[in-house]
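In what follows, a single structure is set out as structure tokens and then discussed.
The values are calculated or read from the model by the stated rules, or taken from the named source; none is laboratory data. Note that this is a predicted model, so its numbers are computed, not measured. Because the Cβ atoms are built from the backbone with ideal geometry, glycine has one as well, and the counts that use them run over all protein chains shown.
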Amino acid sequence: MGNYYQPEIECAPREQILALQNERLVKQVRNVYDHVEYYRKRMDEKGVKPEDIRSVEDLHKLPFLTKDDLREAYPYGLLARPLSDCVRIQSTSGTTGRRVVAFYTQHDIDLWDECCARAIMAAGGTKDDVVHVCYGYGLFTGGPGLNGGSHKVGSLTLPMSSGNTERQIQFMTDLGSTILCCTPSYAAYLAESIIERGLRDKIKLKAGIFGAEAWTEEMRHDIEEKLGIKAYDIYGLTEISGPGVSFECEEQTGMHINEDHFIAEVINPETGEVLPEGEKGELVFTSITKEAFPLLRYRTRDICILSRKKCSCGRTHVKMTKPLGRSDDMLIVKGVNVFPSQIETVLLNKGYAANYQIIVTRVKNSDQLEVQVEMTPEMFSDSMGEITGREKELVDALKAMLGIYAKVKLVAPKSIQRSEGKAVRVIDKRDLYGK
């Protein structure tokens, strides 16, 4: 069943994957201990020697790495190869502190491209497809990752980058794009723009590969329906390589992690204890094939669940759920954990588009949560009374979902600024008042 880029690995028996992981982990630990002073120091502090790590079972003995370590070691402190072996950097779109810069040898790029090729083929891609990549290019990993994966598959690749919606739609119709790769919020915006221009029957899209931001099942169905496609999730982070760390297959019940390259653990974010499969916690990755910038036990801050349930697609690699939030940037409002995805679920269930903004302020030491939601053009023509009624209905639905009161303000269609990259969903103004 299905399309595989490397079936012998993607469908390998569990014992074979484990044997490969054990062998690669042992080698990688020795490698970083010998070549990266920053690691050696951290391991010595913890009293761990390379020979203590004989298999994946021993992984828990190694220290964690966090974004703070990456900032402290910036720019070259975690490099495991001479700079002369490196051919490229990529960097995060991070907004806080120093940027994270990741280094790649040519071999690293080849493996990354292969991971993205697996994702494209899992979405039904073949060499006969036209892969339309409108993730950002440049330092952001989205564009270069899917671009390289598409080349490996042998598809015609349109390296569009983000923005310039007119041109996106022109190429999509003229060149018959069949697979769309971008952020889910930009896919929703493109869908809206295509329908508005009456070009829905002129596009040939069959699948979309969407990642780089959180999105809900409701948003998935909305995009699938509007574009007439199947929408697949892809996950990655610059620190580990970029998109393609994991990806969805046709079952759409979680993303297969490329376990021949990355070992995944889920931990209790408070205690660091490794949790059993099926429990919700923070995702931690160890890169076992990376040459230039191999991170061991890197804390992603993404909350998810791992599952080894047999998958109908035939792939045997462990699956992760979509990130169910973050252990750092979830909102805590009046002591309650609030994830934007919960709010999005309510809105889409009530028939609104995924165009909203969450604004958190603090008045007289009390948190105030406001959700601004765009009306559909039909709602916009409603009377004030009807609009007030709709706002009240959303207030009640959000209270039922979140357990706290959120003010709702319905705004005119298209009045919330559209994003061509990652959507800005949350504006937290509480910092201004001193948290």
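Structure summary
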| quantity | calculated |
| --- | --- |
| Selection status of L59, in contact (Cβ under 8 Å) with a residue 24 or more places away in the chain and either in contact with a Gly (Cβ under 8 Å, 6 or more places away or on another chain) or under 16 Å from P294 (Cβ atoms) (or both) | yes |
| Selection status of I257, in contact with a helix residue (DSSP H, G or I) (Cβ under 7 Å, 6 or more places away or on another chain) and either surrounded by fewer than 22 Cβ atoms within 10 Å (Cβ to Cβ) or β-branched (V, I, T) (or both) | no |
| Selected residue (criterion: surrounded by the most Cβ atoms within 10 Å (Cβ to Cβ)) from residues of the stretch 284-306 that are basic (K, R) and in contact with an Asp or Glu (Cβ under 7 Å, 6 or more places away or on another chain) | K290 |
| Complete set of residues in the stretch 293-338 that are polar (S, T, N, Q) and without any contact (Cβ under 8 Å) to a residue 24 or more places away in the chain | N337 |
| Residue count, the stretch 259-285 (criterion: in a loop (DSSP other than H, G, I, E, B) and among the aliphatic types (A, V, I, L, M)) | 1 |
| Where G149 falls short, out of the listed (1) assigned to a helix (DSSP H, G or I); (2) at positive phi | (2) |
| Wholly enclosed helices (runs of 4 or more DSSP H) of the stretch 1-60 bearing at least 3 residues among the hydrophobic types (A, V, I, L, M, F, W, C) | 14-35 |
| Matching residues, the stretch 356-406, being within 26 Å of I195 (Cα to Cα), of a type outside the set (A, V, I, L, M) and touching a residue at least 24 places away in the same chain (Cβ under 8 Å) | Y356, Q357, Q372, E374, T376, P377, F380 |
| Hey, Q21 under 13 Å from F293 (Cβ atoms) and touching a strand residue (DSSP E or B) at 6+ places or on another chain (Cβ under 8 Å) or not | no |
| Test: residue in the stretch 347-364 that is surrounded by fewer than 17 Cβ atoms within 10 Å (Cβ to Cβ) and at pLDDT below 90 | yes |
| Verdict on S341 being hydroxyl-bearing (S, T, Y) and more than 22 Å from A188 (Cβ to Cβ) | no |
| Unique residue being of a type outside the set (A, V, I, L, M, F, W, C), free of Cβ contacts under 8 Å to residues at least 24 places away in the same chain, under 29 Å from G143 (Cα atoms) and in the same structural domain as A292 (by TED's automatic domain parsing) when the list is D110, D34, D69 | D110 |
| Filtered residues of the stretch 153-182 (kept if farther than 13 Å from Y135 by Cα and out of contact with any Leu (no Cβ under 7 Å at 6 or more places or on another chain)) | V153, G154, S155, L156, E166, R167, Q170, M172, D174, G176 |
| Strands (runs of 3 or more DSSP E) lying entirely in the stretch 349-435 (those with 1 or more residues that are closer than 21 Å to R220 by Cβ) | 356-363, 366-374, 426-428 |
| Residue list for the stretch 158-176, restricted to those being of a type in the set (G, A, S) and in contact with a helix residue (DSSP H, G or I) (Cβ under 7 Å, 6 or more places away or on another chain) | S161, S162 |
| Members of the stretch 286-336 found to be under 25 Å from H107 (Cα atoms) and not in a loop (DSSP other than H, G, I, E, B), listed by number | T286, S287, Y298, R299, T300 |
| Hits in the stretch 320-367 - residues which are in contact with a Leu (Cβ under 7 Å, 6 or more places away or on another chain) and closer than 30 Å to C11 by Cα | M320 |
| Check on R430, within 25 Å of S162 (Cα to Cα), basic (K, R) and either in contact with a Lys or Arg (Cβ under 7 Å, 6 or more places away or on another chain) or not assigned by TED's automatic domain parsing to the domain that holds V266 (or both) | no |
| Residue within the stretch 245-255 that is in contact with a Leu (Cβ under 8 Å, 6 or more places away or on another chain) and not acidic (D, E) present | yes |
| The stretch 45-60: number of residues that are over 13 Å from L25 (Cα atoms) and surrounded by 15 or more Cβ atoms within 10 Å (Cβ to Cβ) | 1 |
